[in-house]
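First up is the structure itself, then whatever we jot down about it.
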Amino acid sequence: MGTKVAKFGGTSVADAGQIRKTAEIIQEDPERRFVVVSAPGKRFKEDSKITDLLYLVKTHLEQNAPYESVFSIVKERFLTLEQELGVDAGIEAALAEIESDLRKNPSADYIASRGEYLSARIVAAFLGYDFVDAEGLVCFSSKGRFLSEETNEKLGGELAKHKCAVLPGFYGTLPNGNIRTFSRGGSDITGAVVAQAVNADVYENWTDVSGFLMADPRIVKNPKGIDTLSYLELRELSYMGASVLHENAIYPARQAEIPIHIRNTNAPHDPGTQILSDAPYTDGRIITGIAGSKDFTVIAIYKNMMSIELGFIKRILAILEDYDVSIEHIPSGIDTVSVVMASEQLEGKLDDIVEDIRKKTQADSVEVFEEMALIATVGSGMAKTPGVSARLFAALAKKDINIRMIDQGSSEMNIIIGVENKDFEDAVRSIYGEFVEG
Ligand code: ASP
């Protein structure tokens, strides 16, 4: 029998009805032996996520304000879940313990982690699976860095003792025993790490959408879903990926060559998206997806004979590093080089950076272009297909869209263009129209 790890996000465990759906999915396939859950998310649009409420409890504690009314909403939700599902998961006693810890002003990480902790206990009780706490098994260094090897060993050792288990996502432990969380959305990472530890055949990530779409549905009407894509393509599409799957969940699965399958708890028969190490594109598809984002800034530097000056680009990069700014792209010409960065990183720093670049590089000119958008058109099928960029540029020209920057990764599986913010949506629609609607 194979082994599947199934991670269920916040909306999949938001209320008793959703947990019943989740349980049905798990019970349908005996290979779904290890389950990772998030804390209950929103039940409806205006609702609160448990994790947000728990962070709010911490804010109240910090301000010496009464936190009890916020915490009582959390308590109520878990007690109702336990009652409506008709299980005894020991929630009342667990809540009492958490409340007594709250009086000792614990860390934000500890408080936030309790959402996943209680959620996993309830789901485990409902399924009749073992509850295995992530505490002591998912390990972080004293500086809060995730320790992959130690975790793999400890988790692997513990899970070998269980036929079926539910684990809480999102957190683990520091060497001093205190709780440490991943960044927001981090239960995805726990799922990947568990999949690696049990050497799963597949890591299923159950959420509330049927996988990745070829373009943002707020821009393109009813975009097609992506059935399969490779890890590399997903990285290139990361401008759109973050809301579906945490970026850091990719690495552990990829390292262990475990496919990730994104699926929809509310539409379990939809095919979803499979992320494979080497996705097939036998249907002759050229592009896999289009992703983009607005609000980038370009600093364009020109200096005569730049190309033979030693260390020119290094000096620019060192300046940006000093200001703690990371770079998205560096398109260059013989005597020009541009650096493209997310504008939010430059707030309050831009003038000083430009001044420093002028001084330290003795450039002939340094120009700044703000309000730029980047669009990545991605597909491993592009690499061997001539004429893709011609089609892409022609489609944009037809709509009178001015391309301000072009960058093609060496893998030839992406073309990144820069356009003005105001042209962003039109540009995405034109590219989609050209390659998908044909
Ligand atoms: N509950 C946490 C969050 O809302 C972690 C997760 O759901 O992945 O960020």
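Only the coordinates and a few stated rules stand behind these numbers; no lab work does. Nothing here was measured: the structure is a model prediction, and the numbers come from that model. Counting neighbours? That spans all protein chains shown, and the Cβs are built from the backbone with ideal geometry, glycine included.
List of remarks:
- The percentage of C-alpha pairs in the range 363-415 whose separation is greater than 18 Å is 43%.
- DSSP bridge pairs, the chain: antiparallel proportion in percent, nearest 5: 60 percent
- Of the trypsin sites (Lys or Arg not before Pro) found in the range 173-231, those in coil by DSSP whose Cβ has at most 15 other Cβ atoms within 10 Å are Arg184, Arg218, Lys221, Lys224.
- Theoretical FRET efficiency, 1/(1+(r/R0)^6), r = Cβ-Cβ of Ser332 and Glu31, R0 51 Å, to 0.05: 0.50
- Calculated P(r) of the range 107-239 - Cα pairs past 27 Å, %: 30 percent
- Each other residue within a Cβ distance under 12 Å of Asp423 adds +1 if Lys or Arg and -1 if Asp or Glu, for a net charge of 0.
- The calculated FRET efficiency for the pair Asp88 and Asn178, based on their C-beta separation and a Förster distance of 25 Å, comes to about 0.30.
- Candidates Ala363, Ala253, Ala376: whichever shows maximal mean-square fluctuation once the chain is modelled as a Gaussian network with Cα springs under 10 Å: Ala363
- Isotropically averaged projected area of the chain, using the convex hull of Cα atoms (one quarter of hull area), nm²: 24.1 nm²
- Shown here are the Rg and Dmax of the Cα trace of the range 1-62, at 14.6, 50 Å.
- Sparse-neighbourhood loop sites, GluC sites (Glu not before Pro) in the range 334-366 - DSSP loop, at most 16 other Cβ within 10 angstrom: Glu347
- Selection of chymotrypsin sites (Phe, Trp or Tyr not before Pro), the range 1-89, meeting DSSP coil and at most 12 other Cβ within 10 Å: Phe44
- Highest mean first, the peptides 17-30, 130-143 sorted by other C-beta atoms within 10 Å per residue fall in the order 130-143, 17-30.
- Of Asp52, Asp201, Asp109, the one that fluctuates the most in a GNM where the chain has Cα springs shorter than 10 Å: Asp52
- Each principal axis of the range 303-395 carries a Cα extent, and these read 44, 33, 21 Å when sorted largest first.
- Cut-off 11 Å between beta-carbons: net charge of the residues surrounding Gly90, Lys and Arg +1, Asp and Glu -1: -3
- Helical runs (DSSP H, four residues minimum) scored at -39500 (n - 2.57) apiece and divided by the length of the chain put the mean residue ellipticity at 222 nm at -11000 deg cm²/dmol.
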